[in-house]
Structures are given as structure tokens and as C-alpha cells.
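Colleague: So that we are looking at the same thing, I have put the structure below in C-alpha cells.
The values are calculated or read from the model by the stated rules, or taken from the named source; none is laboratory data. Predicted, not measured: the structure shown is a model, and the values here were computed from it. Here the Cβ is made from the backbone with ideal geometry for all residues, glycine too, and neighbour counts use every protein chain on show.
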Amino acid sequence: MNDLVEQLLNGNRRALARLLTAVENEAANRGEVLAALFPHTGRAWVIGVTGAPGTGKSTLVTALTKAYRAQGKTVAVLAVDPTSPFSGGAILGDRIRMRELSGDTGVFIRSMATRGSLGGLSRATRSAIRVMDAAGFDIILVETVGAGQSEVDIALAAKTTLVVDAPGLGDDVQAIKAGILEIADVLVVNKADRPGAKNTVRSLKTMLELGHPGSRSQVVAHHGQLLRVESNGVGNKDEVEAMWLPPIVETVASEGKGIGELIEAIDRHRHYLANDAALINLERQQIEIELYDRLREALMTRLLQKIPGNVFADVIGRIQAREIDPESAVMAVLAKVPDVS
Amino acid sequence: MPIRVLIAKPGLDGHDRGAKVIARALRDAGMEVIYTGLRQTPEMIAEAALQEDVDIVGLSILSGAHLALVPKIRQTMDKSGLNDIPILVGGIIPDSDRPTLEAAGVTAIFGPGTSTEEIVAHIHKILTPKDTQ
């Protein structure tokens, strides 16, 4: 496995592919691999691309990749598609739209299934991004599953988050709902040559005027928990002026229209983060939330090992018979575990 | 861990209904299917198989060009170090061509009328669970 790490650091693509599989399958030695790679991470600019199904995310990712390649930058793409909740299988079809990227050794595309995760990414996505980062790519584009209103995990993994909208997907009430639109650093109206594009742009503008968190380094709702991260005094010489307002960029990704403007908007966001020291805050916050997540997972695994299997079946039966309510049942289960109750 | 399969359509024929039916059946059997779409060159297929780190490659060919395409794909994959990844072929393959394809390293050939269960069973049979090292 150490061989693979070394090969990856030397630019071997098969080693990269194999290590991505290792983190995705949560192989026993993945901790070791990630620890070895971690010092080499933090250099890539990670761009998240999210939005409803059919808004053209894959086509947009392809157009962005081509544009970055024209600038001489290397690009890794991580495309996430949903796992079937019934069979555990998945059809990963993002490569269909990315065929023109084939044959370029400056591009690496990997498809990932969500494997039961609900936030628009898979559990292993953060680790997969790090593996790609360590491999030395300049840009990492992460395309989420077709997301609706609550799949906001991408904002915890990306440095710049693009939320892609398209004409004809809903009225302006959709635009003022909380959730996915609020995590946008840049709003993209794709298929802008279609009827109704102006209306989509107008609703998004209205939403922004009504108030937008602006800087998500303040509060992020995560898995039902509101987390506040102190802004440690950097960059708030003038909060109002320093606030980033997401620009709205119109694109026709299939024809490459508006891609130049989109890349400029991403660059502006990158400079904003860098100049304002907001990047340090953003990263701190992402690390903090990741630690909570991983801690919760580790504790849960340990806890489940301590609870005898039959306790669950018993409690489920009692809840179904209305003998006990779910919350009391949790207390009853915990009472059986030493060190927790 | 789910088996990862690349389903590719090399060559110029434009019918991918068969490929999609197979992709769907493999998904329903719990596999992760990377579908690449139409008109893939041997280089595209080898590259996708490498990047996606698949366990097996399935080719759907209806054009009659299998004798030209399949050995080329096998060679291109071998050159990228993917000689351990088996290739299956589905489509319209005359019996007389089977020995040539098998000699070129194809592990199984499925003609029209093959049940999807048969294909799933075959994949399970030839793949030992991927070692995670």
C-alpha cells in the first residue's frame, strides 16, 4: 500500500485509481493511506457543482474542465450519482457527457455512487478529494447527485460552490426557500438560451436582494444541527463591505457560452477568500464539522458494538406495539450500556 | 463491496438499448455500472477502465466489427497494465468468430436471448471479491 502512495505522488494514474477504491471501500488500511497523503493536500482548488437533476451539471463540468485545460491547469473530476436504495447498485452515467475529455492526461475522471449517503455526496467523498489533491491536480471539480433543497454537504468539502439552476424548474417561491441556494458562492443559470431564462435570473436576483447569508463562514446547518464558528477576528474590519454576494452567471454549457465569465467569477471568489483571510475561516469550519462527523461515526460504531443485537429487535417491537415511544426507547437502550448512561 | 463494471459500446453502431438493459440488470444485481455511451474508441475504454478501477469490462457490439475491435481493446488495456481485468462481449457474434475472440482474451460471449440472470451469475463466478489489500 505504501508503494501505491509513492506511485501516486509520482503521478501514476493507476495508483490514484486504486487508492480511490481503497478509501471508497473503507479498506482496513485507508487510515494509513490518508495519513500518508494528508501532508500533500490543501493545494488544489476544490469547486463543488450542485443543482437539480437536468440542469446540466455534467455538461457544465465538461465545459469548465476544457476551459481550465486551455489555461494549462490539470483537472480531476469526481462525479457522484445515486445508489439504488433497493439493490445497492448504481448506474454512473456522467462520463457519457464527458467524452470529449477523453485522451487528455491532464484530466482524471472518477464516478462515485452515494452508497446510502443522503447529503448529495458519498461518505468517502471528502477522502477521495484528498487523494486527488495529493495527486497534484490544480482544480478538483466535484459534481453532486442531482440535488434539491437540502443536499448541502458539498459546501463543507468545496472552496467555491456553484449552484446550477435552469429555466422552467419552478416558480419564484422555490428560489426563496432555504437550503441549497444559500450555499452558493456563484449562481449559474445554465441553458440560458431557453425561454424563461430571464425569469429564472430575476427570481434569483430577488432572492439575493431579500437577504442572503453572504458569507457561509458564519453559520451552517449540518445534519439538523446549527453550528456556529467564531470568525476569530480576521477580516471583519468592515463586515458589510467584506461580504461576498454570489454573482449570477448565465451559461449555455453545451455551446461553451458564458464559461469564460463563470471562470472569472470563480477566480474573483478565490481572490476574495484569499485576500480576506476568509479562506482560513472556511477551512477551520470545514475541519471542525468534519471532526464532529467522524467522531459521531466512531462513537456510533463503538456504541453499537456494546449493544446486544436482540435489544434492538425487542425495542422495535415495543415501539410498534405503542408500549414505548421512540425517545424513551433510546434512553432504555442507552441504560443498558455501561459508561454512557 | 459492490462490483464495479464498465459497460462500453465501441465502434460506430448507434443502438445502445441492449447495453442499457444490461446496465440496468447489473445495477439491480447490486453492481455499480459505469456507462460510457456510444462510439467509444479502444483508448477511451481502456482509460475509463483505469480511472474507474473497474473489476470487469463489458462490451456491446452489434456492428459486426468485433474481430477488429475486441483484440485492439484487449491490447490497449494490457498496455495500460489492465491485463487482470476480464472482458465480456455481448451482441451479435457468429459462432465461427467465438474461438478468435476467446483467443484474444475474452472470458465470455453472450448472444441475443441470453438472460440477464445468466450474465450476473457469470460475473459473480469469475470475480473473486476484490482484494482491498
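Colleague: Could you check how many residues of the stretch B:12-36 are facing chain A (nearest Cβ under 10 Å) and among the hydrophobic types (A, V, I, L, M, F, W, C)?
Modeller: 7
Colleague: Working only within the stretch B:53-71, note down all residues that are surrounded by fewer than 20 Cβ atoms within 10 Å (Cβ to Cβ) and among the charged types (D, E, K, R).
Modeller: Across the stretch B:53-71, there are no qualifying residues.
Colleague: Go through (1) at pLDDT 85 or above; (2) in a helix (DSSP H, G or I) for A:Glu323 and report which single condition fails.
Modeller: (2)
Colleague: Taking A:Ile183 and the conditions (1) modelled with pLDDT of 90 or more; (2) aliphatic (A, V, I, L, M); (3) within 21 Å of A:Val77 (Cβ to Cβ), which numbered condition does it fall short on, given that it satisfies the others?
Modeller: Going through (1) modelled with pLDDT of 90 or more; (2) aliphatic (A, V, I, L, M); (3) within 21 Å of A:Val77 (Cβ to Cβ) one by one, A:Ile183 breaks only (1).
Each row is one residue, and each column tells you yes or no for (1) within 23 Å of A:Leu187 (Cα to Cα); (2) in a helix (DSSP H, G or I); (3) not assigned by TED's automatic domain parsing to the domain that holds A:Gly196.
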| residue | (1), (2), (3) |
| --- | --- |
| A:Pro246 | yes, no, no |
| A:Val249 | yes, no, no |
| A:Ser254 | yes, yes, no |
| A:Ala265 | yes, yes, no |
| A:Arg268 | yes, yes, no |
| A:Leu282 | yes, yes, yes |
| A:Ile287 | no, yes, yes |
| A:Glu297 | no, yes, yes |
| A:Leu304 | no, yes, yes |
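Colleague: Still on this model: Can you give me the number of residues within the stretch A:84-97 that are more than 8 Å from chain B (Cβ to nearest Cβ) and in contact with a strand residue (DSSP E or B) (Cβ under 7 Å, 6 or more places away or on another chain)?
Modeller: Residues in the stretch A:84-97 being more than 8 Å from chain B (Cβ to nearest Cβ) and in contact with a strand residue (DSSP E or B) (Cβ under 7 Å, 6 or more places away or on another chain): 1 in total.
Colleague: Can you tell me which residue is surrounded by the most Cβ atoms within 10 Å (Cβ to Cβ) among those in the stretch A:1-30 that are assigned to a helix (DSSP H, G or I) and either more than 14 Å from every other protein chain (Cβ to nearest Cβ) or modelled with pLDDT under 90 (or both)?
Modeller: Narrowing the stretch A:1-30 to residues assigned to a helix (DSSP H, G or I): A:2-9, A:13-24, A:30.
Among the residues that remain, those that are also either more than 14 Å from every other protein chain (Cβ to nearest Cβ) or modelled with pLDDT under 90 (or both) are: A:2, A:6, A:9, A:30.
Values: A:Asn2: 10, A:Glu6: 12, A:Leu9: 16, A:Arg30: 19.
Once the filter is applied, the top-ranked residue is A:Arg30.
Colleague: Of all residues in the stretch B:81-106, how many are part of a strand (DSSP E or B) and touching a Leu at 6+ places or on another chain (Cβ under 6 Å)?
Modeller: So the answer is 2.
Colleague: Please work out which one of (1) more than 8 Å from chain A (Cβ to nearest Cβ); (2) closer than 20 Å to B:Ala104 by Cβ; (3) among the charged types (D, E, K, R); (4) outside any loop (DSSP other than H, G, I, E, B) is the condition B:Glu43 fails and give its number.
Modeller: (1)
Colleague: Is it the case that A:Phe137 is at pLDDT 90 or above and more than 10 Å from chain B (Cβ to nearest Cβ)?
Modeller: Criteria met by A:Phe137.
Colleague: Sort out which residues of the stretch B:11-23 are out of contact with any His (no Cβ under 9 Å at 6 or more places or on another chain), farther than 13 Å from A:Leu92 by Cα and surrounded by 17 or more Cβ atoms within 10 Å (Cβ to Cβ), and write them in order of number.
Modeller: Result: B:Asp13, B:Asp16, B:Gly18, B:Ala19, B:Ile22.
Colleague: Also: Of the residues in the stretch B:75-97, how many are over 15 Å from B:Ile7 (Cβ atoms) and touching a strand residue (DSSP E or B) at 6+ places or on another chain (Cβ under 6 Å)?
Modeller: 1
Colleague: Oh, and also: Can you report the number of residues in the stretch A:98-119 which are within 12 Å of A:Pro82 (Cβ to Cβ), small (Gly, Ala, Ser) and at the interface with chain B (Cβ under 10 Å from one of its Cβ atoms)?
Modeller: So the count comes out to 2.
Colleague: A further question follows. What pairs come out if I take residues in the stretch B:100-111 that are small (Gly, Ala, Ser) and pair them with residues that are assigned to a helix (DSSP H, G or I) and at pLDDT 90 or above whose C-beta lies under 7 Å away, six or more apart or interchain?
Modeller: B:Ala104/B:Val70; B:Ala104/B:Pro71; B:Ala104/B:Arg74; B:Gly105/B:Arg74; B:Ala108/B:His122
Colleague: Then there's this: Under 6 Å between Cβ atoms, at least 6 apart or on separate chains: pull out the pairs that start in the stretch A:101-118 with a residue that is aromatic (Phe, Trp, Tyr) and end on any residue that is surrounded by 15 or more Cβ atoms within 10 Å (Cβ to Cβ) and at pLDDT 85 or above.
Modeller: A:Phe108/A:Ala76; A:Phe108/B:Gln51
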